[in-house]
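*Asks:* Please find one structure pasted underneath; my questions will follow.
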């Protein structure tokens, strides 16, 4: 890729995101991007001319290759407008690849259609720092990855209710006769049944040899409906599905109706599994380990017990391939997996990072994005994703804006769809000085992981030089490796060249032992679940202590008793504050957090701790984003933003 | 394509469908199939090496091309095991294309994952007459087509409940302020709002000019919750979603909870629209016309009123492209759209047929399948699909089996998973003679549409020659053009050469005016809705009369009052009997049918009449198909059947 860019001409003022995406450059055929990135033709499954799914065989081919520099992009606690973290990830990639002559990959999450058609709009970056074509990024890639997760999740859900129904309405004998039907005189155990028998300690292989007691244990999962944690999902902002009652048709009345709900698809444990799986085998095994409920005797009931884990893996098989796309300056992007950061672990896939690190080689760079604020997104990146992958990040980039820091300093509410207060459009060093603490807190947090931090001050047109300087100095004071203004939204990669240079230097210094103290986890897995939650809350959020509800205590006790105590923690918490209270801006002090509820994602390998009331499926506002979206007679998409 | 086949070697006994699919032949790259079929490289969007989505631009390029022979494949009322209608559609295609030197396309429906993982298994054909690779057909094509339908359907559903919620909890002023927010001093009406204003007869373009009364009418759809017909969908057999209550979370309690339910995705009106749309514009307009409910004043509330039709079209845009695959003998298959025949109109897409008819040219053949028995699938093909497309079928193939005809003659119950009674494995001319009336009834029905019929007796290994002869003679007695035994399941296209020759002859004779009486509809659109339902029931099912419930009468009156009276009828009815009672085999007489309920699919352009209790979402059996499904460490899929 030539230094100096690939001829991206930036207009002033910057047109809408979709206009830039559709008109600023002609995208390359993705085969060309793949070839340039070192992906072989037979390692790419095309999905139209601009999306290519990368096969996992590339990992086997490159297993002895050296790995590139691994850069995390994260942010301060944002306003509800977002502070350009995705945009910075893309802009930095354009700078490194198209202006600084580095091999680079940008790895980002697949966007949920919920926000796309609800409040937030697309997630392909913005302005002249975008993944293109943005309509494929926002519509087609989600269909390749989120739809299969939805299908797998909902097949598991249907399997739970159907199994309970059949157990409620049939005798042991009838269940056994149906599960092991006599075909031409013989009965057999199907593979998932053999796994269940092994779990029950029954080593018989001929169904006819089971005693009535063994047969009863075998056919009855005996799910306690009160313990079912598995919910159905949609990829739609549909608040009316938050709490529902199912099983109310006359045809189901021989069973029992049940209170349950839907989550947004990206909150599914299946999505977390997609993001953390290291191979097809690992995907399959994790899906089998999913605990959906407990039996009345207190034993975990898994997707394997339901016989549905293999089918779930088949549904998700192709989604395990990262989707290759391109930026406006023709650098490669891997879009893969999309768990939300507030209600899930918030990182793109482990497998995409592994692939990209091999492809860029020792001197190359892989940028990977952690969702929302660094207190949740980056913390989970380090403690969950890096632990699962064994990969060590070389550098962290924290994205901050003058706007958000002013808000942390006490500025007026920032609300989507409403005009910005003048405090955000005029120089206000006083407000800003009161707010920079939020950035400083995140810088100090990064240092606790031993990783050098480059702060990116994502420039808005109204920011003054004095304001930029103030933020820069505050970041350095807190121990940042560097702090750099960037203007990629308006200028593309050319606007992030300084940022890119700083990241290159930080990585080199980190490798040479001259920056950071060496990557380390915040907690060892051997700590108790409560201690781990406490350490995160105190060290990262700045809480003075943690309270646990009776329900949470009971659940955590159960998880430790069942042997899940050594799993890492995934906190569900608002992204708008370091605390669990979205209204507390800046650096809240003297607060405690309360773990309302815990959940074991045994397949993903996480214990979820819910701080406060976390909505696991958003709603639609009065004027949802979809009102703007339309298609012309010749298929051009309008109004994605 | 060379006469004599492409080297398919058939084993005896025939291995499992997935084994045949994975091992019998090496599939061609789909680009080669496309090229051979006359599709240009730029008209194909690849989805991996074996699926290619055909762009609609091919229709523009070939708009002056002559059209090929149009052959409908349908069947008698089947047993619950199915009688090989899909298999015959594929086998006949292999015969025509690989053995009889004809240009041919086979157009079939995309399979729902519900049955794939539930009872029925895949739908790619069977034995040596299959669409391959069958795992892509059963997993990936549904994700390309059904997942977007699901997403569009559920976005519309969320829009309904969200809109009601916001209207319930806000004043006119607040609603107006949010729908037309003040941005930099100006307010504007978005495009869907302008359509709503036009519908209300308000011709103002500046939001500030509306009177309070006009603003109130504009912001309040005032949906009567009792009239909502739009349901959410999943593509999963999940019986516990048949009837549910939504909106029970505390966050929704300012609104009202509501009883509703889920359908299987293929029953969605969005799927019917996908199957009937003739262009992107037509897709968009049909989605806008969808009536989801009525206002308290009795006016229809549409997806356009909700502002969601454009977004739904964007979600479904790529699904409007038929997916090109191949048979075991390398003939082209278009897989597109998949409405069930019992609860929807049961035909693959109109657009795929249009494309294929142009591509094969005047001397070529397009086989298109109508779901389930000819009493529902074919009747809807003629009266709904051919009316929407303006295409005229040249010939109908009715698939029958000795097994099913024996069942119609009074043979014992045939149940999936249970061994077949010996009546079906040994010669029993008596039982068969009593049952052939079902086939004869369907032949006479086809003649009412003026189309010559070739009966295909789909041979099972246990059928005797005397049995085949009996069926053959019965078909001819009833006025079939021909009746031919075929054995494609065991022999591939070579087993259906006689059938193929007969179809070629029937089409030639039909074109020459020597077979059939010329295609005609069963009813004109101008008839009243009740008269149309009566004509179908009496002429096609053989009913002596039709009863209408009070609810149905009220609904049909409303639809005629609203101007929907000239839409064609789509009957929802069991496929297992000519009557509405699945237990009535053979040719039931002296029965009436009852229209329990009607529904207006204004977007699809259909009035649904529900005969009896039609399940619109199936359930999972005690031993669902998914128990067999798994994936190996290297990604090979096992156990699809």
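The values are calculated or read from the model by the stated rules, or taken from the named source; none is laboratory data. What you are looking at is a predicted structure, and each value in this text was computed from that prediction instead of being measured. When we count neighbours, we look across all protein chains shown, and the Cβ atoms used for this are built from the backbone with ideal geometry, even at glycine.
*Asks:* Could you tell me whether the range A:49-62 includes any residue that is modelled with pLDDT of 95 or more, under 30 Å from residue A:461 (Cβ atoms) and either in contact with a helix residue (DSSP H, G or I) (Cβ under 9 Å, 6 or more places away or on another chain) or not in a loop (DSSP other than H, G, I, E, B) (or both)?
*Replies:* Checked against the condition, which is being modelled with pLDDT of 95 or more, under 30 Å from residue A:461 (Cβ atoms) and either in contact with a helix residue (DSSP H, G or I) (Cβ under 9 Å, 6 or more places away or on another chain) or not in a loop (DSSP other than H, G, I, E, B) (or both), the range A:49-62 yields no hits at all.
*Asks:* Please count how many residues of the range B:590-615 are at pLDDT 95 or above and part of a loop (DSSP other than H, G, I, E, B).
*Replies:* 6
*Asks:* Which ones in the range A:543-564 are surrounded by fewer than 19 Cβ atoms within 10 Å (Cβ to Cβ) and assigned to a loop (DSSP other than H, G, I, E, B)?
*Replies:* Passing the criteria: A:544, A:549, A:562, A:563.
*Asks:* From B:606, B:578, B:562, B:638, grab the single residue that is touching a residue at least 12 places away in the same chain (Cβ under 8 Å) and within 28 Å of residue B:134 (Cα to Cα).
*Replies:* B:638
*Asks:* Out of A:169, A:116, which single residue is under 20 Å from residue A:267 (Cα atoms) and facing chain B (nearest Cβ under 10 Å)?
*Replies:* Working: A:169 fails: under 20 Å from residue A:267 (Cα atoms).
Exactly one residue qualifies, and that residue is A:116.
*Asks:* Inspect all residues belonging to the range B:269-282 and state whether any of them is surrounded by 20 or more Cβ atoms within 10 Å (Cβ to Cβ), within 19 Å of residue A:236 (Cα to Cα) and within 14 Å of another protein chain (Cβ to nearest Cβ).
*Replies:* yes
*Asks:* Same structure again: Return yes or no: is residue B:178 in the same structural domain as residue B:293 (by TED's automatic domain parsing), crowded, with 18+ Cβ neighbours inside 10 Å and under 29 Å from residue B:260 (Cβ atoms)?
*Replies:* Considered against the rule, which asks whether it is in the same structural domain as residue B:293 (by TED's automatic domain parsing), crowded, with 18+ Cβ neighbours inside 10 Å and under 29 Å from residue B:260 (Cβ atoms), residue B:178 comes out as no.
*Asks:* Quick test for you: out of B:617, B:637, pick the one residue that is within 14 Å of another protein chain (Cβ to nearest Cβ), touching a strand residue (DSSP E or B) at 6+ places or on another chain (Cβ under 6 Å), more than 22 Å from residue B:273 (Cβ to Cβ) and surrounded by 20 or more Cβ atoms within 10 Å (Cβ to Cβ). Don't jump to the end; show me each part of the working.
*Replies:* Details: B:617 fails: more than 22 Å from residue B:273 (Cβ to Cβ).
Criteria check complete, one pass: B:637.
*Asks:* Which of the numbered conditions does residue A:40 fail, given that it passes all the others? Conditions: (1) more than 30 Å from residue A:234 (Cβ to Cβ); (2) touching a helix residue (DSSP H, G or I) at 6+ places or on another chain (Cβ under 8 Å); (3) buried (at least 19 other Cβ atoms within 10 Å of the Cβ).
*Replies:* Unmet for residue A:40, out of (1) more than 30 Å from residue A:234 (Cβ to Cβ); (2) touching a helix residue (DSSP H, G or I) at 6+ places or on another chain (Cβ under 8 Å); (3) buried (at least 19 other Cβ atoms within 10 Å of the Cβ): (3).
*Asks:* Looking at the range B:329-342, is at least one residue surrounded by fewer than 24 Cβ atoms within 10 Å (Cβ to Cβ) and more than 24 Å from residue B:62 (Cα to Cα)?
*Replies:* Yes: the range B:329-342 contains one or more residues that are surrounded by fewer than 24 Cβ atoms within 10 Å (Cβ to Cβ) and more than 24 Å from residue B:62 (Cα to Cα).
*Asks:* Tell me yes or no: at least one residue of the range B:184-200 is touching a strand residue (DSSP E or B) at 6+ places or on another chain (Cβ under 7 Å) and over 13 Å from residue B:217 (Cβ atoms).
*Replies:* Within the range B:184-200, one or more residues are touching a strand residue (DSSP E or B) at 6+ places or on another chain (Cβ under 7 Å) and over 13 Å from residue B:217 (Cβ atoms).
*Asks:* For the range A:71-99, how many residues are touching a strand residue (DSSP E or B) at 6+ places or on another chain (Cβ under 9 Å) and either outside the structural domain of residue A:447 (by TED's automatic domain parsing) or not in a helix (DSSP H, G or I) (or both)?
*Replies:* 11
*Asks:* Hey, which of the helices (runs of 4 or more DSSP H) in the range B:425-500, taking only ones fully inside, have at least 1 residues that are without any contact (Cβ under 8 Å) to a residue 24 or more places away in the chain?
*Replies:* Those helices (runs of 4 or more DSSP H) span B:429-435, B:465-477.
*Asks:* State whether the residues of the range B:621-629 include one that is outside any loop (DSSP other than H, G, I, E, B), in contact with a strand residue (DSSP E or B) (Cβ under 9 Å, 6 or more places away or on another chain) and within 12 Å of chain A (Cβ to nearest Cβ).
*Replies:* Checking the range B:621-629: at least one residue is outside any loop (DSSP other than H, G, I, E, B), in contact with a strand residue (DSSP E or B) (Cβ under 9 Å, 6 or more places away or on another chain) and within 12 Å of chain A (Cβ to nearest Cβ).
*Asks:* Sticking with this structure for a sec: I'm trying to understand the selection: among the residues of the range A:36-48, which are within 21 Å of residue B:30 (Cβ to Cβ) and assigned to a helix (DSSP H, G or I)? Steps first, answer last, please.
*Replies:* Residues of the range A:36-48 that are within 21 Å of residue B:30 (Cβ to Cβ), as a first pass: A:39-48.
Listed by number, the residues that qualify are A:41, A:42, A:43.
*Asks:* Hey, does the range A:449-467 have a residue that's under 26 Å from the mean Cα position of the chain (by Cα), over 30 Å from residue A:328 (Cα atoms) and buried (at least 21 other Cβ atoms within 10 Å of the Cβ)?
*Replies:* yes
*Asks:* So, one more: What is the number of the single condition among (1) part of a helix (DSSP H, G or I); (2) modelled with pLDDT of 95 or more; (3) crowded, with 21+ Cβ neighbours inside 10 Å that residue B:131 does not meet?
*Replies:* Result: residue B:131 fails condition (1) only.
*Asks:* Could you tell me which residue of the range A:243-258 is nearest to the chain's Cα centre (by Cα), considering only residues that are more than 7 Å from every other protein chain (Cβ to nearest Cβ) and free of Cβ contacts under 8 Å to residues at least 24 places away in the same chain?
*Replies:* Checking each candidate, the answer is A:257.
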